[in-house]
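Shown next, in structure tokens, is the structure this report addresses.
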Amino acid sequence: MRLLTCHIENFGMLSDFSYDFADGYNAFVLPNGAGKSTFAAFIRVMFYGFAGETKRTELEKERKRYQPWQGGTYGGQLTFTADGKYYLLSRVFGKTAKGDSFRLQDANTLLDSTDFTEQIGQELFGINAESFMRTIYIGQAECAAFAATDSVSAKLGDQMEETEDMASYDVANKKLADAINQMSDKRSTGKLAKLEREAHVLAQELRAKTVVQEALDTVSSQLTAVKVRWNACLAGKLPEETEEKEAASPSGQELADTLQQRRNEKNEQRKYKGITGIVLGLLVIIYALLAAGKGYRMLILICGGFSMIAGACMLLGYAIGRKKRQPESKPVQPKSLSEEQQKQRASEMETLSRQILQYSRRLDELESEFDTLTEKERKLQSLNEELITLREKCDIIQKTKAFLTQAKENYGARYQEPVMDAFRRYYRMLSGEDGTAYGLTATFEMERQEQGMYRDMGYFSRGYQDMTGLCMRLAFADAMYREKKPFLILDDPFVNLDEEKIEHGKAFIREIAKEYQVIYFTCHESRA
């Protein structure tokens, strides 16, 4: 693939600018501020469109930065050849992407071509815009910053299935990492960490359940005993007699007596309810006969009748209940108590009443506390089950992420050696050294051996970083484009090199221009 001609209507500071490209080496030696970087950016934008469309600042938005200073049509044309065909690519840029226009024509017939779409850069080079900037487009500021993108890794395999898989790696890996962070028990904000803290607090609180259960049993027994003594006093027994009976009677009998007492009390309530119902019914009937209007009299009479019937049923139930218990209980004639004994009994009953109230309140508090703890126990069980499920899910995601990373490394390892061979070849041409001090990881990160160990390139001078980055980019271009070589854009990549390395660089450029069409920009004759 080669560039043939270029015409810029207006782009940044360039206006009505044309250029015819040579097959091999194309040098642009212009002073600073003459538009070298603008020209290089124009070529990239024609194939990939503007970068930084979503950025906030105007300087980061390329569309805004390269708007024509002098006004006029914003855009231009490129003619190029690919796969034996000649194309004319035209773009006009608007204020936003919606205002852009794209046209691709056959350069010979000027008929519209459908060989490529507006995504022509991706389709023609097989890599996205970011990868283009890290391989084919070698800018002065970014020369040292080489990192193999997923698109570059995919292009190494040169298979569409692998390209799609590798292009999705970053997205999938980020989603897995985010999922692990959200569930992690190592991060305070992780769901596992939160659930474990909550479960720990509940477990601590549930230690009190045994104590509450014991207190509940104790207070319940105390309340039963006090009620038995109170009933005995109510029957006319002296406190001493009650204590003797309590000592002699089994606890089962005490409970039976208490239940019988409650049944008697309920039966007495039936009597009062029955009398109340009959009296109320009579009053309603009298009112209906004497005061109610004719329209409501019958309805009120029916209501009064129902009230009397209900009262009569209550009295009937009371009579039946009383009759049933008469054979079971023998009336006990209360002993005649002296005045002193009566006072003693009254005092005892008052004390017992206060104790019954006190124990009843305490029993209500303990029952409420016990119910709360029982609910927390169920919640803890549910939390533990959720924790088990969540840990299993987190373990699966962690293993998936590890397998995905391993798969990518295995994929990269297949191309590690050919890329490294090409790197050393270019490094010898540029620096005169053999490049054996460098090593390449399976994830395509370059390191240099120094003082017995491999070290990140960030520890070395900018000159070494630029040489390494430039050679790596060309090595990847070789591996990615084995037969159909693209053009290369070099925007003054030797600016940080010393004089000796610059001389090597000149020979280096002439050598790579034998395989690639090189478009080289520099501001100084010494680097041309």
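If we scan region 105-113, do we find a residue that is among the acidic types (Asp, Glu) and within 20 Å of His7 (Cα to Cα)?
Within region 105-113, the subset among the acidic types (Asp, Glu) is 106, 112.
Pick out the ones that are also within 20 Å of His7 (Cα to Cα) and you get 106, 112.
For region 105-113, residues among the acidic types (Asp, Glu) and within 20 Å of His7 (Cα to Cα): present.
Can you find a residue that is aliphatic (A, V, I, L, M) and modelled with pLDDT of 80 or more anywhere in region 334-344? Among the residues of region 334-344, not one is aliphatic (A, V, I, L, M) and modelled with pLDDT of 80 or more, which makes the answer no.
Taking Leu315, is it touching a Lys or Arg at 6+ places or on another chain (Cβ under 9 Å) and modelled with pLDDT under 85?
It is true that Leu315 is touching a Lys or Arg at 6+ places or on another chain (Cβ under 9 Å) and modelled with pLDDT under 85.
When the residues of region 350-372 are filtered to those that are among the hydroxyl-bearing types (Ser, Thr, Tyr), within 54 Å of the chain's Cα centre (by Cα) and closer than 25 Å to Asn231 by Cα, the one that is surrounded by the most Cβ atoms within 10 Å (Cβ to Cβ) is Tyr359.
Could you name every one of the helices (runs of 4 or more DSSP H) located completely within region 167-238 that has at least 1 residues being β-branched (Val, Ile, Thr) and within 30 Å of Glu365 (Cβ to Cβ)?
Details: elements: 169-183, 191-206, 209-234.
By residue number, 191-206, 209-234.
Selection of region 248-297 for residues being modelled with pLDDT under 70, surrounded by fewer than 12 Cβ atoms within 10 Å (Cβ to Cβ) and in a loop (DSSP other than H, G, I, E, B) yields only Pro250.
When only residues in region 212-224 that are among the small types (Gly, Ala, Ser) and over 50 Å from the mean Cα position of the chain (by Cα) count, which is surrounded by the most Cβ atoms within 10 Å (Cβ to Cβ)?
If we filter region 212-224 for residues that are among the small types (Gly, Ala, Ser), which is where we start, we get 215, 220-221.
From what is left, the residues that are over 50 Å from the mean Cα position of the chain (by Cα) are 220-221.
On the way: Ser220: 15, Ser221: 12.
The qualifying residue surrounded by the most Cβ atoms within 10 Å (Cβ to Cβ) is Ser220.
Could you tell me whether region 76-89 includes any residue that is out of contact with any strand residue (DSSP E or B) (no Cβ under 9 Å at 6 or more places or on another chain) and of a type in the set (Lys, Arg)? There is no residue in region 76-89 that is out of contact with any strand residue (DSSP E or B) (no Cβ under 9 Å at 6 or more places or on another chain) and of a type in the set (Lys, Arg).
If you scan region 21-43, which residues turn out to be of a type outside the set (Gly, Ala, Ser) and farther than 27 Å from Ala507 by Cβ?
Keep residues of region 21-43 that are of a type outside the set (Gly, Ala, Ser), which gives 21, 23, 25-26, 28-32, 36, 38-39, 42-43.
Across region 21-43, the qualifying residues are Thr38, Phe42.
Of the residues making up region 20-42, those that are touching a residue at least 24 places away in the same chain (Cβ under 8 Å) and either surrounded by 17 or more Cβ atoms within 10 Å (Cβ to Cβ) or outside any loop (DSSP other than H, G, I, E, B) (or both) number 13.
Hey, among the residues in region 450-473 that are within 19 Å of Ser431 (Cα to Cα) and of a type in the set (Lys, Arg), which one's modelled with the highest pLDDT? It comes out as Arg473. A search for C-beta distances below 6 Å between a residue of region 86-104 that is of a type in the set (S, T, N, Q) and any residue that is in a strand (DSSP E or B), counting only pairs 6+ apart in sequence or on different chains, returns Ser90/Gln77; Ser90/Arg103; Ser101/Val92.
If you go through region 478-488 and pick out every residue that is within 15 Å of Phe132 (Cβ to Cβ), surrounded by fewer than 24 Cβ atoms within 10 Å (Cβ to Cβ) and either touching a Leu at 6+ places or on another chain (Cβ under 8 Å) or not hydroxyl-bearing (Ser, Thr, Tyr) (or both), you end up with 4.
Candidates Lys209, Lys237, Lys227: the one that is at pLDDT 85 or above, within 30 Å of Thr351 (Cα to Cα), crowded, with 16+ Cβ neighbours inside 10 Å and not aliphatic (A, V, I, L, M) is Lys227.
The values are calculated or read from the model by the stated rules, or taken from the named source; none is laboratory data. These numbers were taken from a predicted model, which means no experiment stands behind them. Reconstructed Cβ throughout: ideal geometry from the backbone, glycine too, with neighbour counts over all protein chains shown.
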